[in-house]
Amino acid sequence: MRRVFPLVLLLAAACHTSIKPIEPSEAFRRSLDEVMQRQPNALKVKADDLERRREPVILRLSLEDCVELAMAHNRALLFERLNAEAAAARVVGARANLDFRVGARLSYNREESQIDSRFFGDTRDKEITEVTSYGINANMPFATGTSVEVDLGFVRRDTNNPFTTFEFFPAGTVTVRQHLLNGVGLTPNLGDSWVAEGEQAIANWQVESARNEQAFNVAMAYWSLVEARQELGVFEYQEELAQAALDLARSRLEAEIGTRLDVLAQEANLKATQVRIIQANALVEQRTDELLYAVHPDMIHGYALFENFRVMIDPITLTDPSRSAGDQPGLMSEVKAALRRRPEIRQAAKRIENAGIRVEMGEYGLLPSLDLSGTFGNEGSGVDFEESFENFFEFKNLNYGFSLNFSVPIQNSAARSALTQAEINKRSAILAARDTETGIILEVASAVRAINTARRALDAAEEAFRLQRETHDAEVQRQNAGLATSFEVKQALNERISAELQVVKARISLERARLQLTKATGEMGR
């Protein structure tokens, strides 16, 4: 027994996977170390240095780096992977009806009966019989609706009868049961496991779908950060131009060729630009946290662990204007690619298949029950154990027979309700599949249209910026020559900055449209 107990503990540990909780501080340190592996040596920071560090942690990350980190640490993906593991566990449970079972038995029975008539010399008041039986048994179910039960053991019979005082003999029984109508065949016995396997496939495809979705979200957050940083750069450049305009207005006032009103207008313009810079900095910090949460959420714990913890993400991947001329996707080819690649299409088809299996199982449930059972048994007999054991293998004491049981449920309400629900679920799955296909086609068409629109908008925005830049330069030259007022220069500067911001937004919009098409065709996260 001492040797068996550790073995039982070892088997129990092997069958159960324990989940070790990780403290936020430890999770943060691991995430920081992992992200720092992608940084150059000059930017690497250790968690032990953050307590006294005052500068922000700078992360230089490309779009590929962010997507790769998100595929391993994004929590929405982790939840979907857990759902896939749970689906795999349900497959094991669905096959339980075909589990091979073994067992052991031990029984004792004592019977006492009053003796009404006895032979000469019999002094007993009661006849006492004790029967002890023990053995092993096994039950083997099959997918055809057949079950075989084997029982092997020994029987000891003790009695106070002077003619038969003791018996000990082996006994064995084989029982075969077969469903002939309801419950016969593969569908009633394997249907639940087929459905569970289908649900497992759906869960695995859901992981693929989540990878596509979360990679798209990460990329969108990445380009949102790029947009915010580029807008900040535009406002900072505007501040430089506004400061230069203010200096010019002051020098003109000192030379008595300008007015105090011009200086006040330029000072107000400079302060308004500085307000935009403050707001742009706040937006950059917000977009940084959003990207950080999508990429590696454990990094967020640094805000709670260190007083001066700050993160700045320096995006390496920037917009590529040279690609805009090549954006001419074909709607038909992109739709075909999406219907071929998107896991949602395979999920919809598998749900229809599972619903069909449920319908077939429901149809079996309407059948009456007709079960055939056959039994074959053998016992040993003799004056001693050796003789009874030899007699057991000679099959001289046999008992066998069969039974046929038939039953018809009069109303069978549960089976009829289950079949109706299964048929409704199948029709619903077919409609859902059509809706999924329609939605994907619409998503691809919208993405193709967005690319074409964004490309044309970018061309127009770049041309508008070129014209506004030339206008501003001309107004500055006119002001230097004394032909333009500071108000006209300020107005031209603001229009130039507005046009430059439109170029930034148009370029990011084109990148987002490309992402939408990549996501619509199921290529994100691959």
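The values are calculated or read from the model by the stated rules, or taken from the named source; none is laboratory data. A quick note: this is a predicted structure, and the numbers were derived from the prediction, not measured. Cβ: placed from backbone, ideal geometry, glycine included. Neighbour counts: every protein chain shown.
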Exclusive hit being modelled with pLDDT under 95, more than 30 Å from A171 (Cβ to Cβ), assigned to a helix (DSSP H, G or I) and among the charged types (D, E, K, R), set R449, R427: R449
Residues satisfying the stated conditions in the stretch 449-503, i.e. basic (K, R) and touching a residue at least 12 places away in the same chain (Cβ under 8 Å): R455, R469, K490, R496
Test: residue in the stretch 233-253 that is of a type in the set (V, I, T), out of contact with any Gly (no Cβ under 9 Å at 6 or more places or on another chain) and in a helix (DSSP H, G or I): yes
Conditions (1) surrounded by 18 or more Cβ atoms within 10 Å (Cβ to Cβ); (2) under 30 Å from H179 (Cα atoms); (3) touching a Phe, Trp or Tyr at 6+ places or on another chain (Cβ under 8 Å); (4) not aromatic (F, W, Y): number failed by L367: (3)
Matching option when the condition is in contact with a Phe, Trp or Tyr (Cβ under 8 Å, 6 or more places away or on another chain) and either within 28 Å of A484 (Cα to Cα) or surrounded by 20 or more Cβ atoms within 10 Å (Cβ to Cβ) (or both), among R211, R276: R276
When residues of the stretch 250-266 are limited to those that are in contact with a Lys or Arg (Cβ under 9 Å, 6 or more places away or on another chain) and not polar (S, T, N, Q), the one nearest to K490 (Cα to Cα): A265
Pairs with Cβ under 7 Å, 6+ apart, first in the stretch 128-141 and touching a residue at least 40 places away in the same chain (Cβ under 8 Å) and at negative phi, second of a type in the set (V, I, T) and assigned to a strand (DSSP E or B): M140/V148
So V218, is it in contact with a strand residue (DSSP E or B) (Cβ under 6 Å, 6 or more places away or on another chain), in a helix (DSSP H, G or I) and not small (G, A, S): no
Residue that is modelled with the lowest pLDDT, among those in the stretch 159-202 that are in a loop (DSSP other than H, G, I, E, B) and not hydrophobic (A, V, I, L, M, F, W, C): T165
Residues of the stretch 495-525 that turn out to be under 22 Å from N74 (Cα atoms) and of a type in the set (V, I, T), as a count: 2
Single match in R75, R110 (criterion: basic (K, R) and either in contact with a Cys (Cβ under 8 Å, 6 or more places away or on another chain) or over 21 Å from S209 (Cα atoms) (or both)): R110
Residues of the stretch 506-526 satisfying the condition of being buried (at least 17 other Cβ atoms within 10 Å of the Cβ) and either over 30 Å from L69 (Cα atoms) or of a type outside the set (A, V, I, L, M) (or both): R507, S509, E511, R512, R514, Q516, T518, K519, T521, G522, G525
Strands (runs of 3 or more DSSP E) wholly inside the stretch 48-142 that include at least 2 residues being surrounded by 11 or more Cβ atoms within 10 Å (Cβ to Cβ) and hydrophobic (A, V, I, L, M, F, W, C): 57-61, 126-141
Top-ranked residue of the stretch 86-127 - restricted to ones that are in contact (Cβ under 8 Å) with a residue 60 or more places away in the chain and not aliphatic (A, V, I, L, M), ranked as farthest from G183 (Cα to Cα): R90
Options E256, E285, E267; residue that is acidic (D, E) and not in a helix (DSSP H, G or I): E256
Residue that is surrounded by the fewest Cβ atoms within 10 Å (Cβ to Cβ), among those in the stretch 214-247 that are closer than 30 Å to H73 by Cα and among the hydroxyl-bearing types (S, T, Y): S224
Lone qualifier among S31, S107, S62 - being touching a helix residue (DSSP H, G or I) at 6+ places or on another chain (Cβ under 7 Å) and among the hydroxyl-bearing types (S, T, Y): S31
Only listed residue being among the basic types (K, R) and closer than 26 Å to A94 by Cβ, chosen from R177, R229, R211, R252: R177
Meets criteria (in contact with a Ser or Thr (Cβ under 9 Å, 6 or more places away or on another chain), in a strand (DSSP E or B) and within 30 Å of T173 (Cβ to Cβ)) for G382: no
Residue that is nearest to the chain's Cα centre (by Cα), among those in the stretch 214-254 that are among the small types (G, A, S) and within 21 Å of H296 (Cα to Cα): A215
Residue list for the stretch 339-379, filter: assigned to a helix (DSSP H, G or I), over 16 Å from Q200 (Cα atoms) and not charged (D, E, K, R): L339, G356, V359, M361, G362, Y364, G365
Test result for T471, surrounded by fewer than 21 Cβ atoms within 10 Å (Cβ to Cβ), at pLDDT 90 or above and farther than 30 Å from R250 by Cβ: no
